[in-house]
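Just below is one structure, and these are the notes that go with it.
The values are calculated or read from the model by the stated rules, or taken from the named source; none is laboratory data. For clarity, every value in this text was computed on a predicted model and none was experimentally measured. For neighbour counting, all protein chains shown are included, and Cβ atoms are generated from backbone atoms with ideal geometry for every residue, glycine included.
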Amino acid sequence: MRFFALGLLAMAACSPTGPVAVFPKSFQFGFATIAYQSEGSLRGDGTRVASNWSEWDELGKIKGGQHNDHGNGFFEGYTTDLDLAASLGANAFSYAIDWARLEPAPGVFDDAELGRIVAIVQAMRARKLRPVIVMFHWVTPTWVQSPKQGIDLLSRSDRAFAEAFVPLVDHVVPALAGLVDDWLTFEEPYSIVGAEYLAGLHPPGKFLDIKSSQRALVNLMYLHARTYHHIHQLDTQDADGDGVAAFVGFENLALESVPLDATSPDDVQAAKHFDYIVNHQFMKGIWEGDIDVDLDGRADNLKTDPPEGHDEELRHTLDFIGLNYYQRMRVEAGGILSKVAPFFGTPHLDVREYDTTLPHSDRYWEISSPGLRTVIEEYSKYGLPMNITENGEADLDDDERPFYILDHLRKAGEAIAAGYDIRGYYYWTISDNFEWNDGIEPRYGLFQVDFTKPNFPRTRTPRAADVFEEVAKRGAIDRALWDRIALPSYPVGPP
Ligand code: FCB
């Protein structure tokens with residue numbers, strides 16, 4: 001039956017006048033959001049949430065000394081964004097909760113905050129937006145990680161970090177079990193270790209601290225696995241009546257990895273190594289149960305810290321894989337990290353490091369829609385359903401983004417027609433928000449936000465919002481839309 005349906009989709013996609021892509025009826029067209037980025041660090045009563053990120057902000061570490069007090073006003077005004085999402089035809093919405101708001105001291109929970117999260121989820125359901133909850137997204141209470149006090153459970157060699165997180169799971173999941181079926185344990189292990197311990201951009205701001213990065217990766221595997229098991233124990237209520245009470249995944253930063261110089265065998269090798277590091281090392285831990293700390297593809301080195309090995313507790317702790325796909329990564333065998341074990345090469349994520357004439361976003365991230373298909377094919381080897389849990393472009397003038405969205409959606413549709421099990425596409429994000437250490441500069445929202453006004457008014461983007469809306473409402477990419485939006489080439493050069 002499934003293959004028959006896929007065949008029809010493929011036929012529709014091939015016809016010269018028909019739609020260029022057709023999505024299954026159950027396909028999720030959603031938006032992804034994160035509490036900290038859209039709610040900031042202040043509570044309703046004006047007091048400050050004690051988190052690693054509010055301290056980072058106080059320490060002046062955000063670009064230009066910016067402060068994230070209110071995000072984009074979602075804390076008070078979440079119904080605005082939910083209304084906007086529904087108005088664009090979305091049928092799903094993902095929201096990452098804020099550990100620091102919920103558990104200000106170990107074992108002390110803020111009931112009002114949990115009540116607010118329940119209200120947000122109810123508001124999603126009232127608008128027929130399928131709720132997706134992300135349990136951990138980088139923000140911790142200061143008793144877990146404090147750049148000011150030098151506390152950091154994440155980089156410890158014991159399991160303190162995962163153990164600290166489990167009570168939060170046990171507290172939050174029962175309150176949402178009757179409303180939510182789709183869960184993500186956490187997101188982007190390599191963004192965490194890369195920005196926190198290697199590049200020094202996120203708290204605790206360590207630079208090339210390989211030992212802490214290795215410990216953190218393993219701690220995140222345990223955070224993931226324990227959260228996975230606890231969600232399954234606690235959520236036995238099927239909220240949407242499809243027979244599945246809890247569907248639990250995690251989000252990986254999926255990067256297309258290509259050699260900087262395709263004719264150089266060393267760069268080709270380096271690109272393969274980085275592909276393994278970024279896309280598969282963590283998966284090996286939580287899917288096979290094999291902990292590879294020295295990044296050589298095996299789990300047999302007892303001298304690493306923590307030691308490598310196999311752990312059944314980690315194995316098969318995924319019901320689906322979330323792909324956060326934004327860009328292509330170019331890898332060279334040389335460069336500044338080439339002498340740093342276990343990297344032995346250097347990844348580049350900014351076209352200014354190699355070629356600014358290539359299509360890129362306002363953040364200089366190289367655009368590559370074929371890379372989405374590449375990562376889908378790669379991740380399909382795990383045999384799990386996939387969901388494109390984040391995809392988007394920072395594009396203030398909204399000139400490239402309409403095609404960025406359309407072309408990535410087309411690639412998703414073509415992959416579905418070819419038989420890949422892709423359940424949804426979540427655009428990052430509904431309204432501009434606070435992009436971590438880059439502050440409000442990168443503008444991803446399909447609604448532009450005026451951050452100078454206290455109520456953060458939204459304005460619809462001139463073109464990109466139309467594209468999302470037209471595809472989501474039709475469940476297809478019509479040829480006329482494609483012909484109207486497709487670019488012969490992206491504008492390049494400075495944004
Ligand atoms: C992703 C992050 C998300 C947002 C987008 C642009 O890697 O998960 O919070 O910053 O990048």
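A few remarks follow.
- Residues of region 64-82 that turn out to be part of a helix (DSSP H, G or I) and either of a type in the set (S, T, Y) or closer than 23 Å to R43 by Cα (or both), as a count: 10
- Within region 233-243, the presence of a residue that is surrounded by fewer than 24 Cβ atoms within 10 Å (Cβ to Cβ), in a helix (DSSP H, G or I) and among the small types (G, A, S) is excluded.
- D45 modelled with pLDDT under 95 and outside any helix (DSSP H, G or I): yes
- Within region 407-446, the residues that satisfy the criterion of being aliphatic (A, V, I, L, M) and over 19 Å from the mean Cα position of the chain (by Cα) are A415, I416, A417, A418.
- Residue match in region 421-437 (condition: of a type in the set (S, T, Y), in contact (Cβ under 8 Å) with a residue 24 or more places away in the chain and surrounded by fewer than 15 Cβ atoms within 10 Å (Cβ to Cβ)): no
- Meets criteria (on the phi > 0 side of the Ramachandran plot and either in contact with a Pro (Cβ under 9 Å, 6 or more places away or on another chain) or part of a loop (DSSP other than H, G, I, E, B) (or both)) for D398: yes
- Applying the condition of being farther than 30 Å from M135 by Cβ and not in a helix (DSSP H, G or I) to region 4-41 and asking which residue is modelled with the lowest pLDDT yields S15.
- Flag for R458 being more than 18 Å from D397 (Cβ to Cβ) and basic (K, R): no
- Filter result for the condition that a residue is away from the ligand (no atom under 16 Å from the Cβ) and either under 26 Å from G71 (Cα atoms) or acidic (D, E) (or both), over R443, R423, R458: R458
- Search result, residues across region 323-364 that are assigned to a strand (DSSP E or B), closer than 18 Å to S264 by Cβ and in contact with a helix residue (DSSP H, G or I) (Cβ under 6 Å, 6 or more places away or on another chain): R328, V331, E332, P347
- Applying a threshold of 9 Å to beta carbon distances and a minimum spacing of six or more residues, or different chains, the list of pairs starting in region 174-188 at a residue that is more than 19 Å from E390 (Cβ to Cβ) and at pLDDT 95 or above and ending at one that is part of a strand (DSSP E or B) and more than 16 Å from the ligand (Cβ to nearest atom) reads L176/P131; L176/W183; L179/P131; D181/R130; D181/P131; D181/F247.
- Of the residues in region 365-387, at least one is in contact (Cβ under 8 Å) with a residue 12 or more places away in the chain, among the aromatic types (F, W, Y) and either within 16 Å of the ligand (Cβ to nearest atom) or assigned to a loop (DSSP other than H, G, I, E, B) (or both).
- Residue tally, condition surrounded by fewer than 17 Cβ atoms within 10 Å (Cβ to Cβ) and either among the β-branched types (V, I, T) or more than 15 Å from K411 (Cα to Cα) (or both), over region 464-486: 5
- Selection from region 244-264 of residues that are assigned to a loop (DSSP other than H, G, I, E, B) and either within 12 Å of the ligand (Cβ to nearest atom) or touching a residue at least 60 places away in the same chain (Cβ under 8 Å) (or both): V244, A245, A246, L260, D261, S264
- If the condition is being within 16 Å of the ligand (Cβ to nearest atom) and either in contact (Cβ under 8 Å) with a residue 40 or more places away in the chain or over 21 Å from the mean Cα position of the chain (by Cα) (or both), then region 189-217 contributes P189, Y190, S191, I192, A195, E196, L201, H202, P203.
- Qualifying position, being among the polar types (S, T, N, Q) and more than 23 Å from D432 (Cβ to Cβ), among T80, T140: T140
- Evaluating T452 against the criteria (1) over 19 Å from the mean Cα position of the chain (by Cα); (2) among the β-branched types (V, I, T); (3) under 20 Å from G30 (Cβ atoms) leaves one unmet condition, (3).
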